[in-house]
1. Would you point out the residue of segment B:1-42, among those that are more than 11 Å from chain A (Cβ to nearest Cβ) and of a type outside the set (A, V, I, L, M, F, W, C), that is farthest from A:Thr44 (Cα to Cα)?
2. Could you pull out the residue among B:Leu166, B:Leu159, B:Leu150 that is in contact (Cβ under 8 Å) with a residue 40 or more places away in the chain and closer than 18 Å to B:Ile92 by Cβ?
3. Looking at segment B:103-124, is at least one residue over 30 Å from B:His187 (Cα atoms) and of a type outside the set (A, V, I, L, M)?
4. Yes or no: B:Ala98 surrounded by fewer than 21 Cβ atoms within 10 Å (Cβ to Cβ), at pLDDT 90 or above and under 24 Å from B:Leu251 (Cβ atoms)?
5. Hey, among B:Ala185, B:Ala99, B:Ala179, which residue is among the small types (Gly, Ala, Ser), assigned to a helix (DSSP H, G or I) and in contact (Cβ under 8 Å) with a residue 24 or more places away in the chain?
6. Against the definition (in a helix (DSSP H, G or I), surrounded by fewer than 17 Cβ atoms within 10 Å (Cβ to Cβ) and assigned by TED's automatic domain parsing to the domain that holds B:Ala285), how does B:Glu195 come out, yes or no?
7. Can you tell me which residue in segment B:1-38 is surrounded by the fewest Cβ atoms within 10 Å (Cβ to Cβ), limited to those that are over 22 Å from A:Val33 (Cβ atoms) and aliphatic (A, V, I, L, M)?
8. In segment A:22-43, which residue that is farther than 17 Å from B:Asp31 by Cα and in a helix (DSSP H, G or I) is modelled with the lowest pLDDT?
Amino acid sequence: MARRPRLLTLSPKESLILELLTTGDAMYGLELVTASRGRLKRGTVYVTLGRMEEKGYVTSTPEAPPPDAGGLPRRVYEPTPLGRRVLTVWSSSARYLVPEFPR
Amino acid sequence: MKLPGGRLRSVAARFCSVKAMERLIDPVLSDLQAEYREAVTQGRIWRSRWIRAAGSIAFCKVLAFVAFEGTIRALSALTDEDRRLLHNSVGIGGGCFAAATILVTLPPARHLPIHTLPYLIPQALPFAIPLGVTFAVCCGLGGRSLSRRLQGTVLVVALVGCAAALATAGWLIPAANQAFRVTMAEHVRQTRGVEIDLRRGPSEMTFLELSDRIGVLTEEGSAREAYTLSRAYHMRLALPWATPALAMFALAFLPRRAVPVWSLAAVACGACLSYWVLLGAAVTAGRDGTFPGAAAAWLPAIVFTAAAAGRKIVAAAARS
């Protein structure tokens, strides 16, 4: 039997991260937490970003720490073309799928 | 300036893959260091302390996720033979666990109203869990060579059993004991018209309540009572560690060549019996004051773990 193609999915947290990254510049994990106004938590944002990187929605590059400061290089995240496309499709289809309640 | 996270990173590097370090651990720690550096540069000491604490909690959450993901991956990467052995062991362990629970619960339950039975079951669990795991390892995995991955999986299962037993000893048993006392007190009041004092004793206290009570007694100068409670506290804290200690012992001393099942069952019986006899002897010595009470509770777990580690080291030295 032919194998079905993998369906691309987007969780609410992933969608929020992509929204934040597409509307602004590339961001660090902590910047995303601050920009989300409490909707993303410190402990989970990195796990979500790691999963999104595996799915190919975001890409990250290490940024050298300031000279003579030491420490680990920070990782800065930006959306990939696939991530932008998934967000666009997901947001437009979600508009049709959300039920409308009579007022 | 000394940045936080260096030690945490070296601990994580021992357990995590390069990919997990790059994608999960390093981003948490690098952000923690950058935020900490900024706070210290601005002279905001309390903020820097808060950042250190919040960053460490975030690090622990990420590490827990990596451990969980690693366990799932290890289970899915087991070979068909390993999986069959694991299924066998789970069956044997489950059977022994159920039998031990029934054997410990039923004798006292015979003389009690049937609705008190659920309150007696938690008492059996700290004994039944290590017994079930030891029999599962000995009878399900004994007599053959085991892959490292399968041995790791067994240890993870033993640690999960330890956590379950710890939760049972710390919270479930005290709650069940108190509920049992309330039920029986009501029964006695109705049948004989006698009121029973329902204040919580050491067996009805959770870990935190016991610890607080020991502190109060020590402050009041009641050293003898504090010592008695301290022994009970350590006993309940140490008992759940029987599961990983016995699992490690069984993995280290199991025969690798084919042997009859009854001899494997005898090894399991011997290991469990030795553990409880050693515990009983140490507790008696602790009660007499010839041995420190807290150390007595931990002695069997330490002895069995040390024996297993010693055997592994000797085997590794012989191989090399």
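The values are calculated or read from the model by the stated rules, or taken from the named source; none is laboratory data. It should be emphasised that the depicted structure is a prediction, and the values quoted were computed from it without experimental measurement. Neighbour counts are summed over all protein chains in view; Cβ atoms, including those assigned to glycine, are modelled from backbone coordinates with ideal geometry.
1. B:Gln42
2. Values: B:Leu166 fails: closer than 18 Å to B:Ile92 by Cβ; B:Leu159 fails: closer than 18 Å to B:Ile92 by Cβ.
Exactly one residue qualifies, and that residue is B:Leu150.
3. Within segment B:103-124, the first condition is being over 30 Å from B:His187 (Cα atoms), and the residues that meet it are none.
Checked segment B:103-124: no residue is over 30 Å from B:His187 (Cα atoms) and of a type outside the set (A, V, I, L, M).
4. On the way: surrounded by fewer than 21 Cβ atoms within 10 Å (Cβ to Cβ): yes; at pLDDT 90 or above: yes; under 24 Å from B:Leu251 (Cβ atoms): yes.
So B:Ala98 fits the description; yes.
5. Numbers: B:Ala185 fails: in contact (Cβ under 8 Å) with a residue 24 or more places away in the chain; B:Ala99 fails: in contact (Cβ under 8 Å) with a residue 24 or more places away in the chain.
Only one candidate qualifies: B:Ala179.
6. no
7. Among those that are over 22 Å from A:Val33 (Cβ atoms) and aliphatic (A, V, I, L, M), it is B:Val18.
8. So, considering only residues that are farther than 17 Å from B:Asp31 by Cα and in a helix (DSSP H, G or I), the one modelled with the lowest pLDDT is A:Thr23.
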